[in-house]
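Following: one structure in structure tokens, then a few remarks.
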Amino acid sequence: MLTMRIPVIAGNWKMYKTPSEAIVLAEGVVKALSSLDGPELVVCPPFTALAAVGRVVAGSRISLGAQNLHWAREGAYTGEVSAAMLQDVGCRHVIIGHSERRQYFGETDESVNRKSCAALACGLTPIVCVGETLAEREAGRAYAVVETQLKGGLSGLLPEQIQKLVLAYEPVWAIGTGKTATPSQADEMHAHIRKTIGMLFDSGIACGIRILYGGSVKPDNARELLERTEIDGALIGGASLQVDSFAAIASAAQK
Ligand code: PGA
């Protein structure tokens, strides 16, 4: 059985762009990419810009995503935002367990798990991030680390929930550093992730799940990464903050 996996190109704007700056960027993205065929396109601005960007992308083929959420539906959680709130503001996607959240804000596989369940319960597509640090890769533990993140992060999810989810492999040593995993390093890890999903769920689900690569994806390396059979798109930080570079990467995803 041949499964067609539609690539996803997602921009993670991190803590960049005020709402007014975000509107300008989003307008540029809509203009540049509205007629692009092929990949699913997602932009993930900061919380404060979601509503404004949502209005800009409404009716276009660009979907709105958030960068984080809290797992509770509502409650006394000062400073947090729930899945229902994201859904109501127009989000269809949400990034979960980004390495910066794990590193600076104490996210664990358990919080990734709770957040993924909450997102799915509200009809949001989680983009669940996994990836090893440089020390872990150098110690030969990259595969084991990613496997543990997958087991913990996806624990207890039902097959039909996993089918809706997107994974992103982001080696921590490649994020914002200008160092990219080589296409074959990335491809091998993606194959391992797919195999792990096959073991945890089943081979049909493993075959259909989209696995994005993230970490210093730029217009000049996008094509060789996206050409790889196991790489189903990209999660882009720095290069998503400029219309031209984001558009060039998205165009490279037209396989
Ligand atoms: P980068 O970030 O493209 O700037 O390396 C990727 C990410 O953190 O999602």
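The values are calculated or read from the model by the stated rules, or taken from the named source; none is laboratory data. Because the structure is predicted, anything quoted here is derived from the model rather than measured. FYI the Cβ positions are ideal-geometry reconstructions off the backbone, even for glycines, and counts take in every protein chain you see. When the accessible area is computed, the model is the full protein with side chains, heavy atoms only, and any ligands, DNA or RNA have been set aside. Shrake-Rupley method; radii C 1.70, N 1.55, O 1.52, S 1.80 Å.
Compactness ratio for the chain: Cα radius of gyration over 2.2 N^0.38 Å (N = residue count) comes to 0.93. Taking amide H positions as modeled 1.01 Å from N, with prolines and chain starts lacking one, the residues under 5 Å from Ser82 and 5 or more places away or on another chain are His70. Here the Karplus relation 6.51 cos²θ - 1.76 cosθ + 1.60, evaluated at θ = phi - 60°, turns the backbone of the range 228-241 into coupling constants of 5, 5, 8, 9, 10, x, 9, 10, 10, x, x, 6, 8, 8 Hz, with x for every Gly and Pro. What you get for the range 163-255, charging only the Cβ of Lys and Arg (+1) and of Asp and Glu (-1), is a dipole of about 140 debye around the Cα centre. Phi angles across the range 66-72 convert, under the Karplus curve 6.51 cos²θ - 1.76 cosθ + 1.60 with θ = phi - 60°, into 3J(HN,Hα) values of 9, 9, 5, 7, 9, 7, 6 Hz, Gly and Pro given as x.
For Ala234, the residues whose amide H sits under 5 Å from its own are Val8, Ile9, Ala10, Tyr213, ignoring neighbours fewer than 5 places away on the same chain, with H placed 1.01 Å from N. Dipole size of the range 76-193 about its Cα centre, with +1 on Lys/Arg Cβ and -1 on Asp/Glu Cβ: approximately 140 debye, rounded to the nearest 20.
Quick one: pull the percent of accessible area on the chain belonging to carbon and sulfur, 1.4 Å probe, ligands and nucleic acids left out. Kindly include the intermediate steps, with their values, before the conclusion.
On the way: 6010 of 11400 Å².
Carbon and sulfur: 53 percent of the exposed surface of the chain.
For the chain, the mean residue ellipticity at 222 nm estimated from helices alone is -12500 deg cm²/dmol, where every DSSP H run of n ≥ 4 contributes -39500 (n - 2.57) and the total is divided by all residues, rounded to the nearest 500. For Lys164, a cut-off of 17 angstrom between C-alpha atoms picks up these aspartates and glutamates, skipping any fewer than 8 places away in its own chain: Glu40, Asp202, Asp232.
Placing +1 on each Lys and Arg Cβ and -1 on each Asp and Glu Cβ, with no other charges, gives the range 5-120 a dipole about its Cα centre of roughly 140 debye.
Largest mean-square fluctuation among Gly176, Gly90, Gly233, in a Gaussian network model of the chain whose springs join Cα atoms under 10 Å apart, belongs to Gly176. Using θ = phi - 60° in the Karplus curve 6.51 cos²θ - 1.76 cosθ + 1.60, the 3J(HN,Hα) couplings for the range 80-91 round to 9, 9, 9, 4, 4, 5, 5, 5, 5, 7, x, 6 Hz; x is entered for Gly and Pro.
Glu27 sits with roughly 100 Å² accessible to a 1.4 Å probe, with DNA, RNA and ligands left out of the calculation. If you run the Gaussian network model on the chain, springs between alpha carbon atoms under 10 Å, then out of Tyr213, Tyr16, Tyr169 the most flexible one is Tyr16.
Measuring against 21 Å, Cα to Cα, the residue pairs Lys179/Lys218; Lys14/Lys115; Lys115/Lys151; Lys14/Lys151; Lys17/Lys115; Lys14/Lys179 contain Lys14/Lys151; Lys17/Lys115 as the ones spanning a longer distance. Under a Gaussian network description of the chain, with springs only between Cα atoms under 10 Å, the residue in Ala83, Ala51, Ala168 that fluctuates furthest is Ala51.
By the combined test of axial Cα extent (at least 15 Å) and Kyte-Doolittle hydropathy (mean at least 1.0), the qualifying DSSP H helices of the chain come to 19-33.
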